[in-house]
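Take a look at the structure below.
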Amino acid sequence: MPRTRLIEKPRYEFHYTMTLQPRDINYGGHLGNDALVSLLGTARAHMFRTMGVNETNLGDGHTGIIMTDLTVEYKAEAFMFDQLLIDTHIGELARLGFRLFQRITRENRIIALAETGLLAFDYRSRKVAPVPEVLIESLRTKAIGP
């Protein structure tokens with residue numbers, strides 16, 4: 001069976017540190033895949049907060065995000081009370097969306113790599129919309145790239 005292979009990015013502009021809690025551990029005694037998805041979302045929310053926006057307001061008052069896809073490649077286990085660092089890079093900025101690239105590490109060892117597709121979504125009209133210019137300007141200050 002072929003495996004999904006994600007490529008680590010050369011740089012990550014946003015960083016979020018957290019400690020695994022009992023709720024994050026599955027029956028196998030390690031970080032559960034459902035918990036990892038939640039942790040990625042938490043890191044994403046913190047990233048947006050540092051940019052002065054949030055997931056339902058990318059700066060224009062009504063355009064937020066909607067997820068189109070998520071891919072995770074697991075590299076190692078993580079356990080209760082491990083301190084994890086989630087690094088995030090925004091790339092592949094297009095007119096209607098962008099991709100998030102995330103790296104989850106523990107003591108410089110990669111636990112997982114993740115890639116998420118996000119579209120800008122106008123919550124008033126319930127339709128896909130262009131990425132607001134205010135967010136694009138904010139991203140330029142963080143030196144987004146490929």
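The values are calculated or read from the model by the stated rules, or taken from the named source; none is laboratory data. Worth saying up front: this structure is predicted, and the values here are computed from it rather than measured. Cβ: placed from backbone, ideal geometry, glycine included. Neighbour counts: every protein chain shown. Remember, those area values only see protein heavy atoms, side chains included, never the ligands or the DNA or RNA. Shrake-Rupley method; radii C 1.70, N 1.55, O 1.52, S 1.80 Å.
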Mind listing whichever residues of segment 45-78 are open to solvent by 50 Å² or more (accessible area, probe 1.4 Å), part of a loop (DSSP other than H, G, I, E, B) and in contact with a Gly (Cβ under 7 Å, 6 or more places away or on another chain)? 55, 56
Among the residues listed as 86, 110, 144, 104, the single one being at pLDDT below 95 and touching a strand residue (DSSP E or B) at 6+ places or on another chain (Cβ under 8 Å): 144
Considering each of 63, 68 in turn, give the residue that is within 27 Å of residue 134 (Cα to Cα), at pLDDT 95 or above and in contact with a Pro (Cβ under 7 Å, 6 or more places away or on another chain). 63
Is segment 82-99 home to any residue that is free of Cβ contacts under 8 Å to residues at least 24 places away in the same chain and either part of a loop (DSSP other than H, G, I, E, B) or surrounded by 14 or more Cβ atoms within 10 Å (Cβ to Cβ) (or both)? yes
Can you pull out the residues in segment 100-118 that are of a type outside the set (Val, Ile, Thr) and either surrounded by 20 or more Cβ atoms within 10 Å (Cβ to Cβ) or in a strand (DSSP E or B) (or both)? 100, 101, 102, 103, 106, 109, 112, 113, 114, 115, 117, 118
Only one of these is buried (at least 17 other Cβ atoms within 10 Å of the Cβ) and farther than 24 Å from residue 73 by Cβ: 138, 125. Name it. 138
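Could you tell me how many of the residues in segment 1-26 are outside any strand (DSSP E or B) and within 15 Å of residue 78 (Cβ to Cβ)?
Selection size over segment 1-26: 6.
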Filter pass, residue 56 being closer than 30 Å to residue 133 by Cβ, over 12 Å from the mean Cα position of the chain (by Cα) and at pLDDT 95 or above: yes
State which residue pairs qualify: first residue in contact (Cβ under 8 Å) with a residue 60 or more places away in the chain and more than 19 Å from residue 84 (Cα to Cα) and inside segment 35-60, second residue open to solvent by 50 Å² or more (accessible area, probe 1.4 Å) and in a helix (DSSP H, G or I) in any location, beta carbons under 7 Å apart, and separation of 6 or more residues or different chains. 59/134; 60/134
